[in-house]
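J.: Can you keep this structure in mind? I'll have questions shortly.
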Amino acid sequence: MRSDCGKNKGHELRLIYSLRKAKEAQKVIEVELEAGRLTLAELVKPKQEKRQTIVDYIELWLSSSARQTLAESVQSDYAGLLKNHIKGSALDNRPVAEITPLDVENFLLSKLKTHSNSTVTHIRNVLSGGFKTAIKDRVIQSNPCHGFVIHTKQDLDRKPKIEPLSASEIQILLDTFKEHRPDHYDLALLLCRTGMRIGEAVALQWSDVNFEDRYIHVQRNFHRGKITDGTKNGKTRKVDASKELLNALRLRKKQR
C-alpha cells in the first residue's frame, strides 16, 4: 500500500513539473509570436530536413500551376531563364525563407547591367512564381519581388527606334517578293496585311482561314521547332483579311 502511494506521489510531482515547463514554453512562444520572430505556420508545420531554395519552388511552380496559365513557349523561356540566371546564383544558395526584398532588388539590378529590361522583367516573373508557390506552402508570408519596378529609360536609350515601312515601301517589298521569290509572296503579303507574328503565320492551317467571312483565326504558334496551341500570350484572336490576301491564299491552296 505504501509503495503504491509513493509511486502516485512521484507521478504527480513529474506531472506538476511538466505542466510548469509547458507554461514556461508557452510564454516564450507567445513573446516570439508577438515580436514577429515566429509564425503559426512554423509551429504547425513539421521541420524539414532539407531547407528548400527558391529554385526548388520555381521548379515546382513550372511543373504545376504554370502549366495551366502559361503558353508552352513561355514555359520553355522561363525554364531557360531559371537554368541560365537563377540556378547557381546567390539567391539559389540560401533557404527561400531567408531571401529579403533587398536581396531580390540587388540581384535584379546586377542583371540590368548586362541584360535588357525585357529579360530582367522575365527573370523577375520567374522568381515571383517561385515565391508565390512558397507562400502557398506557408514557408514565407510575402513575396520579396513585390514593390520592385524595373525602369525602362536605359532600354529606351539603347534600343533602336522602330521605323515601320511606308505604304510605298511595303509595295516595293511585295513586288520584289513576287518577282524574285514568288514561293514566299503570299507569306510576305500575310505578314504585311495582318501584322501577325512570323511564328503565328507559319503555324496557320487552312481551317483557320475563313474565305467567306474574310478573317483568319490565329490560334497556334511555331516556337523552337514545335507548333503549340495558343499564341505567345496564350490567347487566340481573329484578324481581318483583305480581298487581295484571300485571293493569294486561294491560289496557294489550289496549287497545293
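The values are calculated or read from the model by the stated rules, or taken from the named source; none is laboratory data. Quick caveat, the model's predicted, so the values are computed rather than measured. All Cβ positions, glycine included, derive from the backbone under ideal geometry; neighbour counts span all protein chains shown. Accessible surface is based on the protein model in full, side chains and every heavy atom, while ligands, DNA and RNA are left aside. Shrake-Rupley method; radii C 1.70, N 1.55, O 1.52, S 1.80 Å.
J.: Take the residues in the range 153-186 that are hydrophobic (A, V, I, L, M, F, W, C) and outside any helix (DSSP H, G or I), then tell me which one is modelled with the highest pLDDT.
T.: Initial filter on the range 153-186 (hydrophobic (A, V, I, L, M, F, W, C)): 156, 162, 165, 167, 170, 172-174, 177.
This time we only want the ones that are outside any helix (DSSP H, G or I), so: 162, 165.
Working: 162: 77, 165: 86.
Among those that are hydrophobic (A, V, I, L, M, F, W, C) and outside any helix (DSSP H, G or I), it is 165.
J.: A follow-up question, please. Could you figure out which of (1) open to solvent by 60 Å² or more (accessible area, probe 1.4 Å); (2) farther than 28 Å from residue 71 by Cα isn't true of residue 248?
T.: Among (1) open to solvent by 60 Å² or more (accessible area, probe 1.4 Å); (2) farther than 28 Å from residue 71 by Cα, residue 248 violates only (1).
J.: I'm trying to understand the selection: among the residues of the range 68-91, which are aliphatic (A, V, I, L, M), open to solvent by less than 50 Å² (accessible area, probe 1.4 Å) and part of a loop (DSSP other than H, G, I, E, B)?
T.: 70, 71, 91
J.: Between 119, 133, 114, which is β-branched (Val, Ile, Thr), touching a residue at least 12 places away in the same chain (Cβ under 8 Å) and open to solvent by 30 Å² or more (accessible area, probe 1.4 Å)? Steps first, answer last, please.
T.: Working: 133 fails: open to solvent by 30 Å² or more (accessible area, probe 1.4 Å); 114 fails: touching a residue at least 12 places away in the same chain (Cβ under 8 Å).
After ruling out the rest, the residue left standing is 119.
J.: Please list, ordered by first then second residue, the pairs with beta carbon atoms under 9 Å, 6 or more apart or interchain, first in the range 52-78 and among the hydroxyl-bearing types (Ser, Thr, Tyr), second assigned to a helix (DSSP H, G or I) and open to solvent by 40 Å² or more (accessible area, probe 1.4 Å).
T.: Note: pairs meeting the criteria are 57/132; 65/132; 65/136; 78/122; 78/125.
J.: Quick one: is residue 229 open to solvent by 60 Å² or more (accessible area, probe 1.4 Å), closer than 21 Å to residue 69 by Cβ and acidic (Asp, Glu)?
T.: Values: open to solvent by 60 Å² or more (accessible area, probe 1.4 Å): yes; closer than 21 Å to residue 69 by Cβ: yes; acidic (Asp, Glu): yes.
Judged against the criteria, residue 229 is a match.
J.: For a quick check of your reading of the model, give me the residue pairs whose first member lies in the range 202-222 and is among the charged types (D, E, K, R), whose second is open to solvent by less than 80 Å² (accessible area, probe 1.4 Å) and part of a loop (DSSP other than H, G, I, E, B), with beta-carbon atoms closer than 8 Å and at least 6 apart or on different chains.
T.: Pairs found: 208/219; 214/241; 214/242; 220/203; 220/204; 220/230; 220/231.
J.: Additional query: Check off (1) modelled with pLDDT under 90; (2) aliphatic (A, V, I, L, M); (3) part of a helix (DSSP H, G or I) for residue 135 and give me the number that stays unchecked.
T.: Of the numbered conditions (1) modelled with pLDDT under 90; (2) aliphatic (A, V, I, L, M); (3) part of a helix (DSSP H, G or I), the odd one out for residue 135 is (1).
J.: Taking residue 38 as the residue in question, decide whether it is farther than 30 Å from residue 200 by Cβ, touching a helix residue (DSSP H, G or I) at 6+ places or on another chain (Cβ under 6 Å) and modelled with pLDDT of 60 or more.
T.: Spelling it out, residue 38 is indeed farther than 30 Å from residue 200 by Cβ, touching a helix residue (DSSP H, G or I) at 6+ places or on another chain (Cβ under 6 Å) and modelled with pLDDT of 60 or more.
J.: Here's a check for you: in the range 203-226, which residue that is under 25 Å from the mean Cα position of the chain (by Cα) and surrounded by fewer than 17 Cβ atoms within 10 Å (Cβ to Cβ) is farthest from residue 70 (Cα to Cα)?
T.: First, the residues of the range 203-226 that are under 25 Å from the mean Cα position of the chain (by Cα): 203, 218-226.
Subsequent filtering for residues that are surrounded by fewer than 17 Cβ atoms within 10 Å (Cβ to Cβ) retains 224-226.
On the way: 224: 16, 225: 18, 226: 16 Å.
Only one residue tops the list, namely 225.
J.: Taking the range 187-223 only, how many residues are polar (S, T, N, Q) and not in a helix (DSSP H, G or I)?
T.: Initially, the range 187-223 is screened for residues polar (S, T, N, Q), giving 194, 205, 207, 210, 219, 221.
Keeping just the survivors that are not in a helix (DSSP H, G or I) gives 205, 210, 219, 221.
Of the residues in that region, 4 qualify.
J.: Condition first: in a helix (DSSP H, G or I) and either in contact with a strand residue (DSSP E or B) (Cβ under 9 Å, 6 or more places away or on another chain) or among the basic types (Lys, Arg) (or both). Now tell me which residues in the range 92-129 satisfy that. Walk me through how you get there before you give the answer.
T.: Filtering the range 92-129 down to residues in a helix (DSSP H, G or I) leaves 96-98, 101-112, 117-129.
Result: 96, 111, 124.
J.: Let me ask another. List pairs: first in the range 84-101 and closer than 13 Å to residue 139 by Cα, second part of a loop (DSSP other than H, G, I, E, B) and open to solvent by 70 Å² or more (accessible area, probe 1.4 Å), Cβ under 7 Å, 6+ apart or cross-chain?
T.: From residues that are closer than 13 Å to residue 139 by Cα, the pairs are 95/51.
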